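Reviewing the structure listed below.
The values are calculated or read from the model by the stated rules, or taken from the named source; none is laboratory data. All figures in this text were calculated on a predicted structure; none of them were measured in a lab. No Cβ is skipped: glycine too gets one built from the backbone with ideal geometry, and neighbour counts run over all protein chains shown.
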Amino acid sequence: MSLSEKELFALKPDHIVDAIGEVCPHTLNLALDGLKKAKSGEIVVEVTDHSIATKTIPAAVKMNKIGEFLGVAKKGGEYHIFIKKA
């Protein structure tokens, strides 16, 4: 499922992961750590300025079946990656 930016920003995240200034693979590791802390059904949002993370994080979530990628919303120079924990 991929929601529009408006729909994504309307969601209330349960966990926000700050990955500003970080690069892969650290952005992926931070996202996975955030998902480990989340309970099933909770929404984790990683905020990053590293565009590659918008590809690696959704792919890892899908491959490992640890959650549902909801979409990416861009605000300014930041990407907000939304994931719902399985």
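Counting only residues that are out of contact with any strand residue (DSSP E or B) (no Cβ under 7 Å at 6 or more places or on another chain), surrounded by fewer than 14 Cβ atoms within 10 Å (Cβ to Cβ) and in contact (Cβ under 8 Å) with a residue 12 or more places away in the chain, the stretch 9-32 holds 4 of them.
Could you please find all residues in the stretch 26-55 being of a type outside the set (D, E, K, R) and either modelled with pLDDT under 95 or in contact with a Lys or Arg (Cβ under 6 Å, 6 or more places away or on another chain) (or both)? So that I can check it myself, show each step before the final result.
Our first condition is that a residue be of a type outside the set (D, E, K, R); within the stretch 26-55, this holds for 26-32, 34-35, 38, 40-41, 43-45, 47-48, 50-54.
Within the stretch 26-55, Leu35, Ala38, Ser40, Ile43 qualify.
Of all residues in the stretch 68-82, those satisfying the criterion of being part of a strand (DSSP E or B) and either more than 17 Å from Gly34 (Cα to Cα) or out of contact with any Ser or Thr (no Cβ under 9 Å at 6 or more places or on another chain) (or both) are Glu68, Ala73, Lys74, Lys75, Glu78, Phe82. Would you call Thr56 part of a helix (DSSP H, G or I), surrounded by fewer than 17 Cβ atoms within 10 Å (Cβ to Cβ), in contact (Cβ under 8 Å) with a residue 24 or more places away in the chain and hydroxyl-bearing (Ser, Thr, Tyr)? Against the criterion (part of a helix (DSSP H, G or I), surrounded by fewer than 17 Cβ atoms within 10 Å (Cβ to Cβ), in contact (Cβ under 8 Å) with a residue 24 or more places away in the chain and hydroxyl-bearing (Ser, Thr, Tyr)), Thr56 qualifies.
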